[in-house]
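The values are calculated or read from the model by the stated rules, or taken from the named source; none is laboratory data. Computed from a prediction, not measured in an experiment: that's the story for all the values here. Cβ atoms come from the backbone with ideal geometry, glycine included; neighbour counts cover every protein chain shown.
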Amino acid sequence: MNVLLIYVVTENINVPVLPLGMAFIATSAEKAGHDIRQVSLTASQAQSDLEEVFEKFQPGAIGISLRNVDDQRRKAEDLLAVHLLSLECG
């Protein structure tokens, strides 16, 4: 089966987040005998480029990789405070 895995980069950030989960899934699916195509797109190019990939590759399954929603601008003290609060509540 043709499996299309999509990673959409929606932010312009200092530290890019690599889609490692998508890479793990791609490796497992390939080992299971599937044909894999991984696509990394920016939000501005997503629609036109995806239409071309759909037409040429004709996927039987599609996976979408979502970036976690952490705020990279938080200060270390803020993260420590959140961690300590979670310990108190747990």
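Data for the structure
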read-out: Close pairs (6 angstrom Cβ cut-off, 6 or more residues apart or separate chains): farther than 13 Å from Gly60 by Cα in region 26-41, of a type in the set (D, E, K, R) anywhere; value: Leu41/Asp49
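Residue-wise test of (1) part of a strand (DSSP E or B); (2) of a type outside the set (S, T, N, Q); (3) at pLDDT below 60; (4) over 14 Å from Leu4 (Cα atoms).
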{"site": "Val17", "(1), (2), (3), (4)": "no, yes, no, yes"}
{"site": "Ala26", "(1), (2), (3), (4)": "no, yes, no, no"}
{"site": "Glu30", "(1), (2), (3), (4)": "no, yes, no, no"}
{"site": "Arg37", "(1), (2), (3), (4)": "yes, yes, no, no"}
{"site": "Asp49", "(1), (2), (3), (4)": "no, yes, no, no"}
{"site": "Lys56", "(1), (2), (3), (4)": "no, yes, no, no"}
{"site": "Ile62", "(1), (2), (3), (4)": "yes, yes, no, no"}
{"site": "Asp70", "(1), (2), (3), (4)": "no, yes, yes, yes"}
{"site": "Glu77", "(1), (2), (3), (4)": "no, yes, yes, yes"}
